[in-house]
Amino acid sequence: MQNLIKNKTIINEHSSRCELNVFLCFNDKYAFQAGVTVSSLLKNNTNISIHLFMIDVSDNNKTYFQQLSYYNNTIIFYDVDSSIIANEHKLKDHHIPTSLRIFVPQILTEIEKLIYLDSDIICHSSLSPLLEINFEDNIVLAAKDEEESQKTQCPLFDIHYGEYFNAGVMIIDTNAWNNNNITQKSMDLLDNRRKEFRLLDQDALNIALKNQTKIIANNYNKIVSICEHQIVPALNKNDVLIHFAGPIKPWFADTIPELYQYYQQISPWNAIKLDKRPKESASKYRLLAKQQFKEKHPLKAIKYTLIYILKKLIKK
């Protein structure tokens with residue numbers, strides 16, 4: 001898989017071997033969001049190497065990433081030839097950045113443990129305790145996905161209830177991953193069973209890693225959404241990785257919560273003008289209503305349910 005990498009650039013090499021190795025995969029559309037994630041990582045961790053797998057990222061955004069080198073850590077750029085994945089696996093452009101995570105353990109073979117993060121995550125504390133968790137002969141450490149996914153995906157793929165994991169945060173035993181051919185198994189599943197997969201590569205990874213994933217506490221992947229500038233569910237002091245995987249994202253001017261704004265402001269992207277949130281689809285209001293019922297906010301849940309019904313009626 002080394003031929004996936006067109007160019008590798010070490011921006012700021014740390015003088016000693018870094019204990020934490022984190023990687024992100026993204027294209028130019030999500031470079032700003034990845035930059036905020038990286039800024040939060042550097043703010044809360046020392047002795048860390050950050051590996052950025054980039055697809056067609058602009059020189060302007062690369063310059064912003066280079067500005068993060070004042071932190072005494074290592075940042076490495078990997079320019080990816082996405083056409084290799086697109087041609088071999090017939091993936092659409094917007095699916096390639098997340099699917100790229102499946103290939104990285106085959107590229108960074110010299111690193112014993114890798115931490116993968118989605119680009120809609122904020123790191124709010126040190127990741128060092130993750131390295132102390134015993135894998136117990138498993139290949140990956142990950143937090144379980146939301147209850148909705150347990151109800152739908154577990155019976156679909158014969159996975160024990162509560163063991164379907166969210167692939168937005170994975171701690172990977174690189175040798176075990178490669179010895180068990182997880183990259184090949186996952187991509188074979190994507191190639192042959194894609195029509196079955198509602199969550200695409202996350203479904204493929206859950207099948208390929210069935211009974212080989214240790215479920216860890218969800219404070220290392222706290223899945224949240226945004227409601228009127230507030231993070232729901234509310235955070236607690238033990239939450240380390242906050243994952244904005246809900247229907248409303250934090251990087252719009254009319255939704256940005258204080259926590260995300262803080263890390264954006266300490267990043268090189270602090271002067272960019274945030275866009276307004278695009279008009280929501282009916283399905284997003286349905287998800288918001290379910291979230292509010294779960295959080296015991298019935299009035300807000302009813303409000304979003306009514307908006308959902310109204311949008312459905314207007315669409316007709």
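Just so you know, all these numbers are worked out from the coordinates, no wet-lab data involved. Small disclaimer: the values here were computed from a predicted structure and weren't measured. For neighbour counting, all protein chains shown are included, and Cβ atoms are generated from backbone atoms with ideal geometry for every residue, glycine included.
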*State the extension gain, in nm to one decimal, for the chain segment bounded by residue 67 and residue 192, taking 0.36 nm per residue of separation less the distance between their alpha-carbons.*
40.8 nm
*Pairs 151/290; 113/237; 273/303; 43/276: which exceed 19 Å Cα-Cα?*
113/237; 273/303; 43/276
_Distance between modelled label sites at residue 310 and residue 181, nm, 7 Å Cα→Cβ extension_ = 5.6
*Top mean-square fluctuation among 214, 303, 222, Gaussian network model of the chain, C-alpha springs under 10 Å?*
303
*What shape does the range 1-57 take by its C-alpha gyration tensor, where a ≥ b ≥ c are the square roots of the eigenvalues and a/c under 1.5 counts as rounded, a/b above b/c as prolate, and the rest as oblate?*
oblate
*Once Lys and Arg get +1 and Asp and Glu get -1 on their Cβ, which of 299, 226, 192 lies farthest toward the positive end of the dipole of the chain?*
299
_Residues whose placed amide H lies under 5 Å from that of residue 232, excluding near-sequence neighbours_ = 225, 226, 227
*Check every DSSP H run in the chain and write down those whose alpha carbon atoms cover 18 angstrom or more along the long axis and whose mean Kyte-Doolittle hydropathy is 0.5 or greater.*
31-44, 298-315
_Taking amide H atoms as placed 1.01 Å from N in the peptide plane, list the residues 5 or more away in sequence, or in a different chain, whose amide H sits under 5 Å from that of residue 145._
164, 165, 166
_Long-range Cα-Cα pairs in the range 1-142 (distance over 22 Å), rounded percent_ = 37
_Within the range 2-220: Cβ-based charge dipole about Cα centre, in debye rounded to nearest 20 (Lys, Arg +1; Asp, Glu -1)_ = 220
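Where does the chain land at 222 nm, in deg cm²/dmol rounded to the nearest 500, when only DSSP H runs of n ≥ 4 count, each adding -39500 (n - 2.57), divided by all residues? Walk me through the numbers before you get to the answer.
Values: 12 runs with 114 residues, N = 316.
After summing the helix terms and dividing by the residues of the chain, the value is -10500 deg cm²/dmol.
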*Which one, (1) 30, 25, 20; (2) 136, 27, 22; (3) 40, 21, 18, gives semi-axes √(5λ) of the Cα gyration tensor in Å as derived from the coordinates shown?*
(1)
*Subtract the Cα-Cα distance of residue 199 and residue 126 from 0.36 nm times their separation in residues, and report this length gain in nm to one decimal.*
23.4 nm
*Toward the positive end of the charge dipole of the chain, about the Cα centre and with charges on Cβ (Lys, Arg +1; Asp, Glu -1), which of 168, 271, 71 goes farthest?*
271
*Grab the other residues whose beta carbon is less than 15 angstrom from that of residue 178, score K and R as +1, D and E as -1, and report the net.*
0
